[in-house]
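Enquirer: Just dropping this structure here.
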Amino acid sequence: MKNVISLSNITKMYLTDEMETHALRGVDLDIKQGEFVAISGPSGCGKSSLLSILGLLDSPTSGQFILSEQDVSQLTVDERAEHRNKEIGFVFQSFNLIDELSVYENVALPLRYREPAMSDKDIDNAIKEALTQVDMAHRQSHRPNQLSGGQQQRIAIARALVAKPAILLVDEPTGNLDSKNGDAVMTLLKTLNKAGTTICMVTHDARYADFADKQLHLLDGSILEQPQFKEVG
């Protein structure tokens, strides 16, 4: 399988008048098409910095970032936004849905900013397909505040899927959910992954990290790969 993401010797340093902080130190990371990767680590280890770079919300201080065979290490803000809209789907802990909009309109948002513009029919087909993938097509006319937390996270996943991104970046997807809804969301992510969706997830929950094919541990800005113990037979 080809790499969707390839990071080589990525560093991120924040400078203030008093000090410099090394958030990431020589990170190497390959995520192949169809993989499910989990990244865990303690607070302050660099998870947020890594996710911001992977999501093209920020640029690395040094190193190379290849996304879908293109070097995106040092793009301008506008160029990052264009690539982000086409290549990356985000799922956040806090859902980030707009209560004034219906479920249908929330899921449509990433498609409204596509260049070239999509037809209304193509947008409608994409929304219905994404909602069907997360088993929420019957809720398309509801508002987010009429749904449970688990249902809202499913809508957030549909919004992330609707533009058919190269990868889903998932940030603590169960953080605002009880264990039952958290388990359901993780089962959905695993199902989507088995159907071909590439996923990179940040989580503090070791039980949910076990849903991934590859588990990485981030410590003091460096990645440590965890050994995989798969049952045989």
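Enquirer: Arrange GLU129, GLU87 by Cβ neighbour counts within 10 Å, fewest through most, would you?
Expert: Working: GLU129 14, GLU87 20.
Final ranking by Cβ density, sparse to dense: GLU129, GLU87.
Enquirer: Moving on to the next point. Amide H of GLU35 versus every other amide H placed in the peptide plane: which residues, excluding those fewer than 5 positions away on the same chain, fall under 5 Å?
Expert: ILE199
Enquirer: Which value at 222 nm does the chain reach when only helices count, each DSSP H run of 4 or more adding -39,500 (n - 2.57), with the total divided by all residues and rounded to the nearest 500 deg cm²/dmol?
Expert: Details: 7 runs with 76 residues, N = 233.
Only helices count here, giving -10000 deg cm²/dmol.
Enquirer: Quick check: the distance between the Cα centres of region 178-206 and region 90-133, to the nearest angstrom?
Expert: Taking the Cα centre of each part, region 178-206 and region 90-133 sit 20 Å apart.
Enquirer: Let me ask another. Residues with amide H under 5 Å of ILE167's amide H, sequence separation 5 or more or different chain, H placed in the peptide plane at 1.01 Å from N; which?
Expert: The list, which skips near neighbours in sequence, is GLY89.
Enquirer: Under a straight-distance cross-link criterion of Cα-Cα below 16 Å, which lysines are reachable from LYS128, leaving out those fewer than 8 residues away in the same chain?
Expert: LYS164
Enquirer: Would you pull out the residues with amide H under 5 Å of SER222's amide H, same chain only if 5 or more places away, H placed 1.01 Å from N?
Expert: Under 5 Å from the amide H of SER222: ARG25.
Enquirer: Between region 27-86 and region 2-20, how many Å separate their Cα centres?
Expert: Between the Cα centre of region 27-86 and that of region 2-20, the gap is 9 Å.
Enquirer: From the backbone phi of region 79-88, what are the Karplus-calculated ³J(HN,Hα) couplings (6.51 cos²θ - 1.76 cosθ + 1.60, θ = phi - 60°) in whole Hz, Gly and Pro given as x?
Expert: Once θ is set to phi - 60°, the couplings for region 79-88 become 5, 4, 4, 5, 5, 4, 5, 8, 10, 10 Hz.
Enquirer: Within a 10 angstrom radius of the beta carbon, how do TYR113, TYR208 rank from fewest other beta carbons to most? Let's see the in-between values first.
Expert: On the way: TYR113 11, TYR208 22.
Ranked by crowding around the Cβ, least crowded first: TYR113, TYR208.
Enquirer: To continue, here is another question. To the nearest 10 degrees, how steeply does helix 120-133 sit against the main Cα axis of the chain, on a 0 to 90 scale?
Expert: Tilt of helix 120-133: around 80 degrees.
Enquirer: Now for a separate question. Give me the three principal axis extents of the chain from the C-alpha atoms, as integers in angstrom, largest value leading.
Expert: Computed over the chain, the largest-to-smallest principal extents equal 50, 47, 39 Å.
Enquirer: Provide the net charge surrounding LYS47, with neighbours chosen by a C-beta distance below 10 Å and charges set as Lys +1, Arg +1, Asp -1, Glu -1. Provide the component values of the computation, followed by the final result.
Expert: Details: positive: none; negative: ASP171, GLU172.
With Lys, Arg at +1 and Asp, Glu at -1, the net is -2.
Enquirer: For the chain, what is the relative contact order in percent, using Cα pairs closer than 8 Å and at least 6 residues apart in sequence?
Expert: Numbers: 439 pairs, mean separation 67.7, N = 233.
Worked out over the chain, it gives 29 percent.
Since every read-out is calculated from the coordinates, none of them should be taken as a lab result. Computed from a predicted structure; not experimentally measured. Virtual Cβ from ideal backbone geometry, glycine too; neighbours counted across all protein chains shown.
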